[in-house]
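Working notes for the structure below.
Values quoted throughout were computed directly from the atomic coordinates according to the rules given, and no laboratory measurement underlies them. Note that the coordinates shown come from a computational prediction; the quantities given were computed from them, not determined experimentally. With ideal geometry, Cβ positions are generated from the backbone for all residues, glycine too; neighbour counts draw on all protein chains shown.
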Amino acid sequence: MKSGLADILLTTKDKLVAWARKNSLWPMPFGTACCAIEMMATLSSRYDLARFGAEVIRFSPRQADMMIVSGRISLKMMPVLIKIWEQMPEPKWCISMGACASSGGVFDTYTLIQGVDQFIPVDVYVPGCPPRPESLIDAVLKIQEQIEKRQPSAAEVWAQDLQEKAPAKAS
């Protein structure tokens, strides 16, 4: 039985945009080792990352808003990773997946980066060697929570810190 009154939804523009962003994250995978296999498993039907609105994997940085760095990153790969990160539009988020991406893992050598956070801002770290798919899903949920609360991403905080540390131009 209809009452004759139209259904009404009251919200703010900011909350609506945050809801849309939260439920439509488009990941940019950067997987290099065993962690990348676990990242691929997260997209399978068993774990189904699509339930959380992050199933649209984009291999073009201009179409992605969340980077997942998984595995060992060498010094030769770092400039490529930085270029991909810089090509992603704002706002953007980053997940560092696994011990190797987060801290270099057991590979303490001169050829490997000891944590990608030295070069790009990271929002969520996923521990493990390799981490389970459930851990990556939890990281995506943490980013969604951050978006919902409208907290600034690590990239926004990083940019603000750079602006504050930059020398003032003389007029």
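Structure values in brief
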{"item": "Over the chain: helical MRE at 222 nm, DSSP H runs n ≥ 4 each giving -39500 (n - 2.57), nearest 500", "result": "-11000 deg cm²/dmol"}
{"item": "Cα-projected label distance for S74 with Y47, points at 7 Å along beta-carbon direction, nm", "result": "2.6 nm"}
{"item": "Full-stretch length increase - K149, V17 - with 0.36 nm per residue and alpha-carbon distance subtracted", "result": "46.4 nm"}
{"item": "Computed E for D138/I37 - FRET, C-beta separation, R0 22 angstrom, nearest 0.05", "result": "0.75"}
{"item": "Length-normalised contact order of region 13-165 in % [C-alpha pairs under 8 Å, at least 6 apart]", "result": "25 percent"}
{"item": "Estimated FRET transfer efficiency (Y110, W158; beta-carbon r; R0 25 Å; 0.05)", "result": "0.45"}
{"item": "Lysine pair number, Cα distance threshold 22 Å (strictly under), region 13-165, separation 8 or more or different chains", "result": "13"}
{"item": "Considering only region 13-165, percent of DSSP beta bridges that pair antiparallel, nearest 5", "result": "5 percent"}
{"item": "Mean separation of Cα contacts under 8 Å, 6 or more apart, over the residue count of region 1-75: relative contact order %", "result": "41 percent"}
{"item": "Under the Debye formula (equal points on every Cα, no solvent term), log10 I(q)/I(0) of region 13-165 at q = 0.10, 0.19, 0.21 Å⁻¹", "result": "-0.32, -1.18, -1.42"}
